[in-house]
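> The following block contains the structure, expressed as structure tokens.
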Amino acid sequence: MKSMQKKAPPRKRSRLRWLWVWLIQIAVTLLIALPISLSLWLGGAVHAVCMWGLSPILGFISGLIATRRGLLNHAAWIAPPAMLFVGYEISWGYPPPVGPVFLCGFISLVGAATGEVLNQRQKKK
């Protein structure tokens, strides 16, 4: 005998899901960029590790996750370097060094591209 249970209706995908993913990405990267910029109080070496090491890692992970969650990969890389810049401006009142922001942007682009490749692989299966 067939089961009498009804199948659940398919979930409707929100038309603005990408906007929510982008807003969450912006909020999370800003919340992480603020302590990174405030690491200047801990000394130059710690601040250099945070700016040159943690911010690119944040960018890669953020771009990857946002792309996997449905944000277009061309938009997923923008938030991490922008929020690093904004976080530095909020905490210190002047812009951050250009090198770490560009590195964060480039690595974010790599993360978003990786997310897109993983999405395409998942669709093929």
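The values are calculated or read from the model by the stated rules, or taken from the named source; none is laboratory data. Source: prediction; values computed, not measured. Here the Cβ positions follow ideal geometry from the backbone for every residue, glycine too, while neighbour counts run over all protein chains shown. Areas reflect the complete protein model, heavy atoms only, side chains present, ligands, DNA and RNA absent. Shrake-Rupley method; radii C 1.70, N 1.55, O 1.52, S 1.80 Å.
> Report, to the nearest whole %, how much of the accessible area of segment 72-125 belongs to carbon and sulfur atoms, 1.4 Å probe, protein only. Before the final figure, lay out the partial values.
On the way: 2220 of 3170 Å².
In segment 72-125, the share of accessible area belonging to carbon and sulfur is 70 percent.
> Please work out the FRET efficiency for the pair Leu16 and Arg121, using the Cβ-Cβ distance as r and a Förster radius of 25 Å; give the result to the nearest 0.05. Show your work: numbers first, answer last.
On the way: r = 26 Å, r/R0 = 1.04.
Efficiency computed from Cβ-Cβ geometry: 0.45.
> Now a separate question. Counting C-alpha atoms alone, how compact is the chain: give Rg to one decimal and Dmax as a whole number, in angstrom.
Expressed in Å, the Cα Rg and Dmax of the chain come to 18.5, 72.
> Oh, and also: How high is the relative contact order of segment 24-125, in percent, with contacts defined as C-alpha pairs under 8 Å that are six or more residues apart? Show your work: numbers first, answer last.
Numbers: 151 pairs, mean separation 36.6, N = 102.
This gives 36 percent for segment 24-125.
> Could you tell me which residue out of Ile90, Ile36, Ala76 lies farthest along the dipole of the chain toward its positive end? Charges go on the beta carbon: Lys and Arg +1, Asp and Glu -1, centred on the Cα centre.
The Cα lying farthest towards the positive end belongs to Ala76.
> Compute for segment 71-121: radius of gyration divided by Kirkwood radius, i.e. Rg/Rh, restricted to C-alpha atoms, rounded to two decimals. Don't skip to the answer; put the middle values down first.
Details: Rg = 12.8 Å, Rh = 11.6 Å.
A ratio of 1.10.
> Here is a further query. Using only Cα atoms and rounding to the nearest 10 degrees, what angle (0 to 90) does helix 17-38 make with the longest principal axis of the chain?
Computed tilt is about 30 degrees.
> Mind checking which of Trp52, Trp41, Trp20 has the largest fluctuation in a GNM of the chain, springs on alpha carbons under 10 Å?
Trp41
> Turning to a different aspect of this structure: Mind pulling the angle between the C-alpha long axis of helix 98-124 and the longest principal axis of the chain? Nearest 10 degrees, somewhere in 0 to 90.
Here the helix axis deviates by roughly 10 degrees.
> Just the accessible area per residue of the chain, please: how many Å² with a 1.4 Å probe? Write down the numbers at each step before the final one.
Values: 8750 Å² over 125 residues.
Value for the chain: 70 Å² per residue.
> Can you give me the Cα centroid spacing of segment 25-67 and segment 72-114 in angstrom?
About 9 Å separates the Cα centre of segment 25-67 from the one of segment 72-114.
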